[in-house]
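Nothing in this text is a laboratory measurement; each read-out follows from the coordinates by a stated rule. Small disclaimer: the values here were computed from a predicted structure and weren't measured. Counting neighbours? That spans all protein chains shown, and the Cβs are built from the backbone with ideal geometry, glycine included.
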Amino acid sequence: MYIAKANRNENQAELQEFIRNNGFGILVSQVEGKPWATHIPMYLSDDGKTLTSHMSRGNAQWKSLANQNEVLAIFQGPHAYISSSWYDHENVPTWNYIAVHVYGTVRLIEGEELIDSLKKLVNKYEKHSNQPVTVEGMSETFLQHEIRGIVAFELNIKRMEAAYKLSQNRDGKNHSEIIRQLEKRGDNDSIKMAEEMRKRKA
């Protein structure tokens, strides 16, 4: 993706943490010569080298995944419209956002690897539930029935790119005013964007 120099983030540890906090991504590949995208939660390994997930067996994308030279996984964080009326000078509106692109190759996984990937994904998102569901707690008959309906994969990460477009090109006065206006707007993305801008300015 295009990333202006001021907006590029190459801190790998920070990008890994971002993916862990924004794990619902988009897997993009080619299916019969055409772009295909699937929206799915993905799990980043502890060492940051692989992503694992699964998709419906009815989804045609999985049939060509292992044959792709490279696939793309996209993760998006907060984003917000920035009005040029907030500046003390004439300018154009823009959009602030955080996005991480992950490139790599895929292999399909089965058996214990598949079960392990399901456990990690379920445990990650159930940890805040009052009565957490676990793969281990599912009956064998039920689990095997559900597994037949999915295809699991591991994405071996080759590289990551990240755009953190947070009004880095604005002076202190205008940067502070953007934060103020975002907080005043008050929606969830605007508040989170203001937090990111304030944190990085500090």
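Toward the positive end of the charge dipole of the chain, with +1 on the Cβ of Lys and Arg and -1 on the Cβ of Asp and Glu, the farthest Cα among PRO78, ASN169, LEU51 is that of ASN169. Legend: distances between Cα atoms for LYS5/LYS124; LYS5/LYS127; LYS49/LYS199; LYS63/LYS127; pairs beyond 30 Å are LYS5/LYS124; LYS5/LYS127; LYS63/LYS127. Its Cα centre serving as origin, the range 146-185 has a Cβ charge dipole (Lys and Arg +1, Asp and Glu -1) of approximately 200 debye. For the chain, the longest principal axis of the Cα atoms and the long axis of helix 188-201 meet at an angle of about 70 degrees.
Could you calculate the FRET efficiency of ARG57 with LYS34 from 1/(1 + (r/R0)^6), where r is the beta carbon distance between them and R0 is 30 Å, rounded to 0.05?
On the way: r = 20 Å, r/R0 = 0.67.
Working from the Cβ atoms, E equals 0.90.
The GluC sites (Glu not before Pro) of the range 65-120 that meet both conditions, a loop assignment by DSSP and at most 15 other Cβ atoms within 10 Å of the site Cβ, are GLU70, GLU90, GLU110. Once the piece of chain linking GLU177 and LYS201 is laid out straight, how much longer is it, given 0.36 nm per residue of separation minus the C-alpha distance between them? Result: 7.4 nm gained on full extension. Measuring between their Cα centroids, the range 20-67 and the range 109-175 lie 11 Å from each other.
In a reduced charge model with +1 at each Lys and Arg Cβ and -1 at each Asp and Glu Cβ, the range 5-169 shows a dipole moment near 300 debye about its Cα centre. Here HIS145 and GLU90 are evaluated by their C-beta separation; at R0 = 45 Å the FRET efficiency comes out at 0.10. A Förster radius of 45 Å combined with the Cβ-Cβ distance from ILE115 to GLU10 puts the calculated FRET efficiency at roughly 0.80. Give me the net charge for the shell around TYR43: Cβ to Cβ below 9 angstrom, other residues only, Lys and Arg +1, Asp and Glu -1. Charge balance near TYR43 sits at +3. Other residues whose C-beta falls under 13 angstrom from the C-beta of GLU126 contribute a net charge of +3, scoring Lys and Arg +1 and Asp and Glu -1. Loop-located trypsin sites (Lys or Arg not before Pro) in the range 115-202 (DSSP state other than H, G, I, E, B) with a sparse environment of at most 16 neighbouring Cβ atoms within 10 Å: LYS127, ARG148. Counting 0.36 nm for each residue step from ASN69 to TYR2 and taking away their Cα separation leaves a gain of 22.0 nm.
Nearest 500 deg cm²/dmol is fine: what mean residue ellipticity at 222 nm does the chain get from its DSSP H runs of n ≥ 4 alone, each adding -39,500 (n - 2.57), divided by its residue count?
Values: 6 runs with 66 residues, N = 202.
After summing the helix terms and dividing by residue count, I get -10000 deg cm²/dmol.
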